[in-house]
Amino acid sequence: MAEAEGVDVLQPTTTKDPEFLSALRAYEPDVLLVASYGELLRTEVLELALHGALNVHGSLLPRWRGASPVQAAILAGDRETGVSIQRMVLALDAGDVLLEKRTPIGPQETAGALAGRLAVLGGEALVEALEQIEAGTATWTPQDESRITECRKIRKDAGRMDFTLPAATLERLIRAMNPWPGAFAFLPDGRRLVVLEADVIDAVGEPGTLLADKTLRVACGQGALELRTVKPQGKAQMEGEAFLRGSRLPAGTRLLSEPPHES
């Protein structure tokens, strides 16, 4: 889109590329803007712009510094999150904050849906930040070091479901891992079952076992989950009831955290 509008697009594999640095320096930028960039910028880059570099981060800093703030907020059961516009420094997400915008996390909101809302909110916040800098009204607030929490990059196996955990914890895992990498368990035949949507219900049973019901319900360490939408390995996503009818799994069948041959 930028190229179609005649805007220069530089796409270096790394900001250490001397040709990229030279090209960037030639613009004599007033400010640099960074969003979802997977490389810590060096001093040589940060000092290129008159007003430094601004980063839009998907949390209310200093809560959830790191690579997965959206997922971390859902996993922790946070009721509110937002975006922070901060000055970039050599430490990860540690710079002073110019402004933040807050938003509640919906009770059934997935990481994908929340990230989409935060992207729009972050764009609005960046425009407001630039206006403050241009007007000379920008105020920078140091982060409270006593309130720091951190989150790491999401691994492909992060969605593995341990049914000894409370149902409420697993329901948050399901939302946090949607759309990627997906919360999952294994069927007795070793097939992976990805869980896309689930509700916490009041029921008791041996953790991991299917309960006697027409709906797809599985007992957890505390309470149970009704799996509303699932995706069996090799098939399209479907309602939990449809999967249960087609698979004919009897009550008492155990869903596994590991493939049967690994247990």
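The values are calculated or read from the model by the stated rules, or taken from the named source; none is laboratory data. The structure presented is a predicted model; accordingly, all values stated were derived computationally and were not measured. Don't worry about glycine lacking a Cβ; one is built from the backbone with ideal geometry, like all the others, and counts go over all protein chains shown.
Here are a few things to note about the model shown:
- Test: residue 212 is of a type outside the set (D, E, K, R), more than 15 Å from residue 74 (Cβ to Cβ) and either crowded, with 18+ Cβ neighbours inside 10 Å or in contact (Cβ under 8 Å) with a residue 24 or more places away in the chain (or both): yes
- Total residues in the range 154-188, condition among the small types (Gly, Ala, Ser) and either part of a loop (DSSP other than H, G, I, E, B) or farther than 15 Å from residue 255 by Cβ (or both): 5
- Positions within the range 32-51 being surrounded by fewer than 17 Cβ atoms within 10 Å (Cβ to Cβ), out of contact with any helix residue (DSSP H, G or I) (no Cβ under 6 Å at 6 or more places or on another chain) and assigned to a loop (DSSP other than H, G, I, E, B), in sequence order: 36, 37, 38, 39, 40, 42, 47, 50
- Set side by side, the residues 204, 218, 195, 230 differ, and just one is touching a Pro at 6+ places or on another chain (Cβ under 9 Å) and either among the aliphatic types (A, V, I, L, M) or part of a strand (DSSP E or B) (or both), which is 218.
- Members of the range 30-47 found to be modelled with pLDDT of 90 or more and closer than 19 Å to residue 123 by Cβ, listed by number: 30, 31, 32, 33, 34, 35
- Qualifying residue in the range 222-232 (condition: crowded, with 22+ Cβ neighbours inside 10 Å and within 15 Å of residue 164 (Cα to Cα)): yes
- Looking across the range 152-175, just one residue is within 13 Å of residue 72 (Cβ to Cβ), surrounded by 15 or more Cβ atoms within 10 Å (Cβ to Cβ) and in contact with a strand residue (DSSP E or B) (Cβ under 8 Å, 6 or more places away or on another chain), and that is 173.
- Selection within the range 124-140: residues that are of a type outside the set (Asp, Glu), assigned to a helix (DSSP H, G or I) and touching a residue at least 12 places away in the same chain (Cβ under 8 Å). The member of this set that is surrounded by the fewest Cβ atoms within 10 Å (Cβ to Cβ) is 132.
- Test result for residue 72, more than 22 Å from residue 8 (Cβ to Cβ), small (Gly, Ala, Ser) and at pLDDT below 95: no
- Residue 143 fulfils the conditions (1) more than 13 Å from residue 60 (Cα to Cα); (2) touching a residue at least 60 places away in the same chain (Cβ under 8 Å) except for a single criterion, (1).
Table: residues versus (1) surrounded by fewer than 17 Cβ atoms within 10 Å (Cβ to Cβ); (2) basic (Lys, Arg); (3) in the same structural domain as residue 137 (by TED's automatic domain parsing); (4) under 29 Å from residue 196 (Cβ atoms).
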residue	(1), (2), (3), (4)
22	yes, no, yes, no
68	no, no, yes, yes
71	no, no, yes, yes
87	no, yes, yes, no
114	no, no, yes, yes
120	yes, no, yes, yes
